[in-house]
Each structure stands twice: as C-alpha cells, then as structure tokens.
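What follows is one structure encoded as structure tokens, with my remarks underneath.
The values are calculated or read from the model by the stated rules, or taken from the named source; none is laboratory data. Since we're looking at a predicted model, the values are computed, not measured. Neighbour counts run over all protein chains shown; Cβ positions are idealised from the backbone, glycine included.
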Amino acid sequence: MSPMVTIPPKPWPTGLADNVEPLVRRVLAPNPSPYTFTGTQTYVVGMAEGPDCAVIDPGPDEADHIEAILAAVNGRKIVAIMCTHTHRDHSPAAAPLAAQTGAPIVGCAPLMLQVAGPRSDEAFDPTYAPDRVLADGEAMRGTGWTLTAVATPGHTSNHLCFALEESGALFTGDHVMGWSTSVVIPPDGDMGDYMASLEKLMAREDVRYHSAHGPAIEKPRQLVRGMIGHRRQRENQILRLLGEEARPVSGFIPDMYKGLDPRLIPAAEMSVTAHLLDLEKRGMAGRDGDLWRVA
C-alpha cells in the first residue's frame, strides 16, 4: 500500500492467459482496487503439453474468472488448487473450481478469527476448506514441476509462499509484491512475524518472485532488502513521533503518509497499529487508553 502508486492505464489483460515462464501461465481476475492493483493474479503451473498442473491463488468467485482459469488449464488434470492465504481476493474461487474439476484444495490452513469486535474477520474467506494443509517444507508434485511450501506468516498468520523448484521462482502471494508494500492488519496480521518472514526470504536464493498483484520481481533479494529497510524506517518514525508526544493511532497518519489516498487511511492506521503492537511486545511502547507513548 503506497500513496505514490500509479495503476497502469487500461486495458488490463483481465481473463487472458499470459505465459510468464515455461512452466507458468498467469490469469488476471476482474477485481481491481486500491488494495489489489489491477486485480488478483492466478497462476497455472505445469508443462504446457503435460498431463497435469496446479492452480495457485484461484482468486474471487467470479464465473468469468473461473472460466478463464479452466481455459488456461486447457484440459490438464488439476493436481492441486493451492492458496497462499484466505483473504477474499485469493481463495473464494477454490471451492467452485474444486466442485467443477474434482481437484483437491491444498495449501494454507483455514483461518477463523475468534476476536470480538467490528467485523474483525471481514477480509477473510469463510468458505475456505482445504483437503490438505501444507507445513513449511512440504511439497506438491506433478509432471515436471514441484511446489514447496514456504511458511511466511505476517500479512496473515496462515500465509504461505510456494517455491517452484524447477525454475527457482517463488509465488509470494501478498507477502512480497512488486507494486506496493504488504499491509499488516491486526489482530491476525503480525508485524514481528512479517519482519521475520522477510528475513527468511533474504536467506533464500529464489531467482524471481511471482506475486498475486503486480509484475514479476526479477531482483527479489534487492526488493526484500528495501522492504525491510522501509519497515525499519517506519518504526523509527513512530518512535520519533512518540518521543514528541503521546498520540492516538490517527495522530501518526498526517506525518507518516503525506498525500495518502483517503481510501487507504484505514489500512495505514492498521499498519501503524501493527508496528505499535510489535513495539509494545518488545517493551519499547505502551498505551494509556487510546493514547500511545514511549515505554
């Protein structure tokens, strides 16, 4: 989420299967927004002339999008419908796609928030019901392809990336995106986990990232290094502002996000809250009611 992001002009390649590397085709869903860029990107992984494939992040339950996925599959057996996480722009098409094809739903764990409050589960897909949950390091295999789960909690507690072993690509869902930083929204999103997951990716040697939104990332470690630096800069901003005076979450936004699209203010406030909660866990910040202060 960035106030400086410019969404490219239409037409976008919605519904078209785009060959992004020999084992990967990409299909863009019709759900553009300030939070999804031009829309959710579904990936079909497998040999073009092979007998089978996997579908990663099937996206929203839109009939036209499901038809576009099936066109990209082109008659191959779907070995697995794989979800990186269960936000509503990623997993709702899994159930109808499974019903049409008989394919199992495999990947992240289901998520049911138990936190009381105003629609704390609103962004999540309540229909997601996996046939198999992948643990960190577990793999799904087909003809000429292997997808290994890489646990990356933070954006959500159940977030997974998937490594395509044959090409060195990593499908990063919303954890790392080329168009914007990922939003970390409590109570499920956790900034400490998110930072640890970024450090985990820094230690890997993936050659490119395919994210759920935005273009492929050809210099992944350089981007991740920059994202870590950006988050540390935000943390330092928060500590500096706390040092000036105690303030509510909304009091950080004008100084930290100048020129922000007003539609993104709630997400910015959640991101600041995630940083504050992490600082509180580390004994660096505290609160009195709605006012945050230096610990």
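Numerical summary
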item: Strands (runs of 3 or more DSSP E) wholly inside the range 127-192 containing at least 1 residues that are more than 11 Å from the chain's Cα centre (by Cα) and surrounded by 24 or more Cβ atoms within 10 Å (Cβ to Cβ); result: 145-151, 160-164, 169-173
item: Matching residues, the range 32-58, being touching an Asp or Glu at 6+ places or on another chain (Cβ under 9 Å) and either surrounded by fewer than 19 Cβ atoms within 10 Å (Cβ to Cβ) or not assigned by TED's automatic domain parsing to the domain that holds T146 (or both); result: S33, P34, Y35
item: Scope the range 81-91; condition in a loop (DSSP other than H, G, I, E, B) and surrounded by 24 or more Cβ atoms within 10 Å (Cβ to Cβ); matching residues; result: T84, H85, T86, H90, S91
item: Lone qualifier among P51, P110, P30 - being touching a Ser or Thr at 6+ places or on another chain (Cβ under 6 Å) and within 21 Å of F162 (Cβ to Cβ); result: P51
item: Subset of the range 53-84 (residues that are at positive phi, touching a His at 6+ places or on another chain (Cβ under 8 Å) and of a type outside the set (D, E, K, R)); result: G59
item: Evaluation of I78 against (1) surrounded by 15 or more Cβ atoms within 10 Å (Cβ to Cβ); (2) without any contact (Cβ under 8 Å) to a residue 60 or more places away in the chain; (3) within 30 Å of T181 (Cβ to Cβ); (4) not aromatic (F, W, Y) (one fails), failing number; result: (3)
item: Conditions (1) in contact (Cβ under 8 Å) with a residue 24 or more places away in the chain; (2) outside the structural domain of T84 (by TED's automatic domain parsing); (3) out of contact with any Leu (no Cβ under 7 Å at 6 or more places or on another chain): number failed by Q237; result: (1)
